[in-house]
Amino acid sequence: MDAKDLRSRLSVLLGADCLLTEEAQLEPFLTDHRKLYRGRTPAVALPRTVEQVSRLLAFCNENRVGVVPHGGNTSYCGGATPDESGDQIVLSLRRLNRIRNVDPLNWSAVVEAGCILADVQRAAQSADRFFPLSLGSEGSCQIGGNLSTNAGGTNVVRYGMMRDQVLGLEVVLPNGRVMSTLNTLRKDNTGYDLKSLFVGAEGTLGVITAASLKLYPTIRASATAFAAVPNPQAAVTLLSELRDASGDSVSSFELIPRVGIDLTTKHIPGVQDPLDRPYEWYVLCELTSSRYIDTLAPILEGALESALSRGVVLDGVLAQNERHREAFWKLRETIPEAQRIDGASLKHDICVPIAVLPDFVERASAWVRANVPEGRLVCYGHVGDGNLHFNLNQAPGASQEAFMAREPATKRAIHDLVRDFCGSFSAEHGIGRLKVAELETYAQPEELAMMHAVKQAFDPNGIMNPGKVLRSEPR
Ligand SMILES: Cc1cc2nc3c(=O)[nH]c(=O)nc-3n(C[C@H](O)[C@H](O)[C@H](O)COP(=O)(O)OP(=O)(O)OC[C@H]3O[C@@H](n4cnc5c(N)ncnc54)[C@H](O)[C@@H]3O)c2cc1C
């Protein structure tokens, strides 16, 4: 079937108002957030109902047309971008964006896949509940994308990742049949946990159309500090001390290097250095409680003062009001944007056991210093989860070509080191198209074989997001 024919059949199937075909309309769907890939597509489908998604997949399955699910397009591994063949259609979930139900007594919400994450947070809030997933991209990423990448973010230390928030899913399978486990049960041991397979599958097994999610008590008190620490080891020590001292109220614990402040204050309007003089490393930490209590700030202050007296902390400031708190968070959350504006970057989304993270940073940094003279390290992130964005940016004045030429060797060295530390080369950003070869390199052969078997069982014709996560043919 040629592109013209495909467009006219899809138009009949879905209705012309649910299909984009003009070049200008297709443009926003052809590149990923990091602009690593640029694909082509004959059409973008914009269904309004689950039934339309079902009809679309049944048609594509029958005619062997590849389908690329597309959420907020904020992911980092090119998972939502069609390939260069011009044969794959894009399926945007943005019109499936109803909050179907918020049930405060059941501590649950049922939302459609195209809901923006911030809208789900607000819906929970208006029922006096809290939905904890929180990312810098929450104003544009969608629940379907969060589920499909098993997103992490800044509250994982307390609440876990997106997988931990899921009670049930509604999924359209590649053959068009709808599989719903959309219950709101806390306990359900009836056979294999199929919904879990779709979380983190990056659209390669089916299309998520709705999810039932856990809600939590509203956050009523918080205390936030921005503190300078001598090194990552001190950050890990401070995390332990704070968890102990606060009755495990730590909800966020982020590591920020000096260069993170330099980049954000340079490129992002309104960002300021919270401290009077520069230090090499910082942490942004937050304690929260669902009780109206005024003891969090004294607990945080006391723990920081004790750490200060022992040299674990060098300096620090507590947010005195919501405006301060937001300013600290703006600094942290705009580091990726500042990195993007600053120039080319090499990104490594790694996770190692928290206790060995300082050792990892030391060894990996030493490798970078010795081997990538054109790069500067921008290593930051969710240290409370052992997850760092071990990134490099092109150094000021360095040649972009020379810097990018270091990419293969750098990736191999960093990921080999991650393996030596029993870690993961993809902590929260998934595989997409970018890390298919890395998965083949680092997964055990048994794991890889089972992944191909699962893919074959769900999607025997290989129509779902072809070329993402796994190659079409096992090697
Ligand atoms: C500023 C910024 C900060 C970020 N911070 C974090 C962070 O702290 N933690 C983190 O984990 N990530 C972070 N990210 C990455 C990104 O926001 C997450 O990966 C997010 O979950 C992607 O959601 P999305 O809706 O944009 O998905 P997309 O990019 O549109 O898609 C992601 C993948 O999911 C698939 N997909 C999308 N919707 C569906 C569906 N309904 N059914 C099946 N498959 C689907 C796509 O095909 C693709 O493979 C950040 C990104 C930015 C730009």
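Checking every residue in segment 163-186 against the condition of being buried (at least 21 other Cβ atoms within 10 Å of the Cβ), assigned to a helix (DSSP H, G or I) and within 11 Å of the ligand (Cβ to nearest atom) gives zero matches.
Say whether the condition of being over 30 Å from L13 (Cα atoms) and touching a residue at least 24 places away in the same chain (Cβ under 8 Å) is met by at least one residue in segment 170-182. Taking every residue of segment 170-182 in turn, none turns out to be over 30 Å from L13 (Cα atoms) and touching a residue at least 24 places away in the same chain (Cβ under 8 Å).
The residues in segment 363-385 that are away from the ligand (no atom under 16 Å from the Cβ) and in contact (Cβ under 8 Å) with a residue 24 or more places away in the chain can be counted, and the count is 11.
Every residue in segment 239-255 that is at negative phi and out of contact with any Leu (no Cβ under 6 Å at 6 or more places or on another chain), please.
L239, S240, E241, L242, R243, D244, A245, S251, S252, L255
Matching residues to (1) within 15 Å of the ligand (Cβ to nearest atom); (2) aromatic (F, W, Y); (3) part of a helix (DSSP H, G or I); (4) within 26 Å of C60 (Cα to Cα):
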residue	(1), (2), (3), (4)
G136	yes, no, no, no
L147	yes, no, yes, yes
T190	no, no, no, no
L197	yes, no, yes, yes
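Take the residues in segment 296-322 that are closer than 23 Å to P217 by Cα and without any contact (Cβ under 8 Å) to a residue 12 or more places away in the chain; name whichever of them is farthest from the chain's Cα centre (by Cα). Looking at the filtered set, the residue picked out is P298. When segment 211-222 is limited to residues that are of a type in the set (A, V, I, L, M) and in contact with a Ser or Thr (Cβ under 8 Å, 6 or more places away or on another chain), the one that is farthest from the ligand (Cβ to nearest atom) turns out to be A221. Can you tell me which residue is farthest from I261 (Cα to Cα) among those in segment 338-365 that are β-branched (V, I, T) and buried (at least 20 other Cβ atoms within 10 Å of the Cβ)? Result: V352.
Does segment 287-314 hold any residues that are out of contact with any Phe, Trp or Tyr (no Cβ under 8 Å at 6 or more places or on another chain), of a type outside the set (A, V, I, L, M, F, W, C) and over 15 Å from N231 (Cα atoms), and which are they? Working first, answer last.
Taking segment 287-314 and keeping what is out of contact with any Phe, Trp or Tyr (no Cβ under 8 Å at 6 or more places or on another chain), we get 287-289, 291-313.
Filter again for of a type outside the set (A, V, I, L, M, F, W, C), leaving 288-289, 291-292, 294-295, 298, 301-302, 305-306, 309-311.
Those that are out of contact with any Phe, Trp or Tyr (no Cβ under 8 Å at 6 or more places or on another chain), of a type outside the set (A, V, I, L, M, F, W, C) and over 15 Å from N231 (Cα atoms): T288, S289, R291, Y292, D294, T295, P298, E301, G302, E305, S306, S309.
Scanning segment 27-38 for residues that are more than 12 Å from the ligand (Cβ to nearest atom), out of contact with any Gly (no Cβ under 8 Å at 6 or more places or on another chain) and touching a residue at least 24 places away in the same chain (Cβ under 8 Å) yields one hit, R38. Counting the residues of segment 405-448 that are among the hydrophobic types (A, V, I, L, M, F, W, C), closer than 22 Å to G203 by Cα and touching a residue at least 40 places away in the same chain (Cβ under 8 Å) gives 4. Checked against the criterion of being crowded, with 18+ Cβ neighbours inside 10 Å, touching a residue at least 60 places away in the same chain (Cβ under 8 Å), within 16 Å of the ligand (Cβ to nearest atom) and within 25 Å of L57 (Cβ to Cβ), segment 120-134 has at least one qualifying residue. Can you go through C115, C77 and tell me which one is buried (at least 20 other Cβ atoms within 10 Å of the Cβ), within 24 Å of S472 (Cα to Cα) and within 16 Å of the ligand (Cβ to nearest atom)? Matching residue, one of C115, C77: C77.
Under the condition of being within 18 Å of G79 (Cβ to Cβ) and not charged (D, E, K, R), which residue from segment 89-112 is farthest from the ligand (Cβ to nearest atom)? Break it down stepwise before answering.
Looking only at segment 89-112, we keep the residues that are within 18 Å of G79 (Cβ to Cβ), and these are 89-94.
If we keep only those that are not charged (D, E, K, R) too, we end up with 89-93.
On the way: I89: 12, V90: 9, L91: 8, S92: 9, L93: 4 Å.
My answer is I89.
Values quoted throughout were computed directly from the atomic coordinates according to the rules given, and no laboratory measurement underlies them. None of the values given here were measured: they were computed from a predicted structure. With ideal geometry, Cβ positions are generated from the backbone for all residues, glycine too; neighbour counts draw on all protein chains shown.
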